[in-house]
Amino acid sequence: MVEVAVRVKLRIRSRFEPVKEVITSALVNSGFEVDTPQILIPIKLAKELDLYSKLIEARIESYATVAGPVRVYVLPSSLEVWLVEPDRETDKVVCDAVISDTEAEVLISDYLAGELGIIVEDFRKGIWRLSSDPPDKKRSSYPKQLWI
């Protein structure tokens, strides 16, 4: 079975000094339901963005997953993210970093997907578009990128 899902390319920038930035693919996860824009990042990416040293300031929370509850570290309003496409970049969105020591892929919450203007056309085929795109514009999913 070929694994396809909606993955977008993001630029993620830390709001802490020194400012660090990466470009990575991220899975649009409609089941990641939250009340603020959030992006779940693996611990390896947190280290790359120099957020690991900030965990002392983070809230420790328990998030429900299909495999059961997991502990994560939440750094409110600590990241700026925006979509990077060959024909354009979206506006930046300030969001919470949700740092996981068990997840290997970047996950976009439902709230953040909405703020970025992501409209999923077909989850199975990995087809999506931006809310500002014409209705017939179709964008393809990016390859999975693991942070292990």
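The values are calculated or read from the model by the stated rules, or taken from the named source; none is laboratory data. Quantities reported herein were computed from a predicted structural model and do not represent experimental measurements. Cβ sites come from the backbone with ideal geometry, for glycine too, and all protein chains shown count toward neighbours. Note: accessible area is taken over every heavy atom of the protein model, side chains too, but ligands, DNA and RNA are not part of it. Shrake-Rupley method; radii C 1.70, N 1.55, O 1.52, S 1.80 Å.
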(message) From the P(r) of the chain, could you give the percentage of C-alpha pairs in the tail past 22 Å?
(response) 36
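Roughly to the nearest percent, how much of the accessible area of region 47-100 is carbon and sulfur, given a 1.4 Å probe?
51
Per residue, how large is the accessible surface of the chain? Use a 1.4 angstrom probe and give square angstrom.
Details: 7880 Å² over 148 residues.
For the chain, the solvent-accessible area averages 53 Å² per residue.
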(message) Using Cα springs under 10 Å in a Gaussian network model of the chain, which residue among Y63, Y52, Y111 shows the largest mean-square fluctuation?
(response) Y63
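Counting other Cβ atoms within 10 Å of each Cβ, which trypsin sites (Lys or Arg not before Pro) in region 7-79 have at most 16 and sit in a DSSP loop? Don't jump to the answer; show the numbers that get you there.
Numbers: sites: R7, K9, R11, R13, R15, K20, K44, K47, K54, R59, R71; in loops: R15, K20.
Filter output for region 7-79: R15, K20.
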(request) Would you calculate the separation in nanometres between label points at Y52 and A104, each defined as 7 Å from the Cα along the Cα-to-beta-carbon direction? (result) 1.8
(request) Give me the accessible area of L116, 1.4 Å probe, in Å² rounded to the nearest 10. (result) 10
(message) Can you show me the helix-derived [θ] at 222 nm for the chain, built from DSSP H runs with n ≥ 4 at -39,500 (n - 2.57) apiece and divided by the number of residues, rounded to the nearest 500.
(response) -2000 deg cm²/dmol
(request) Mind grabbing the accessible area of W147 for me, 1.4 Å probe, Å², rounded to tens? (result) 40
(request) Rank T90, T36, T65 by mean-square fluctuation in a GNM of the chain with C-alpha springs under 10 angstrom and give only the top-ranked residue. (result) T65
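For the chain, give me the percentage of DSSP beta bridges that are antiparallel, rounded to the nearest 5 percent. Each step should come with its number before you reach the end.
Working: 34 of 41 bridges.
In the chain, DSSP labels about 85 percent of beta bridges as antiparallel.
Hey, if we sort V19, V74 by accessible area with the 1.4 Å probe, largest down, what's the order? Can you show the working numbers first?
Numbers: V19 75, V74 0 Å².
Ranking V19, V74 by accessible area, largest first, yields V19, V74.
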(request) Please go through the residue pairs K44/K125; K9/K92; K20/K54 and name each one whose alpha carbons sit more than 21 Å apart in this structure. (result) K44/K125
(request) Provide E89, E105 ordered by accessible surface of protein heavy atoms (probe 1.4 Å), highest first. (result) E89, E105
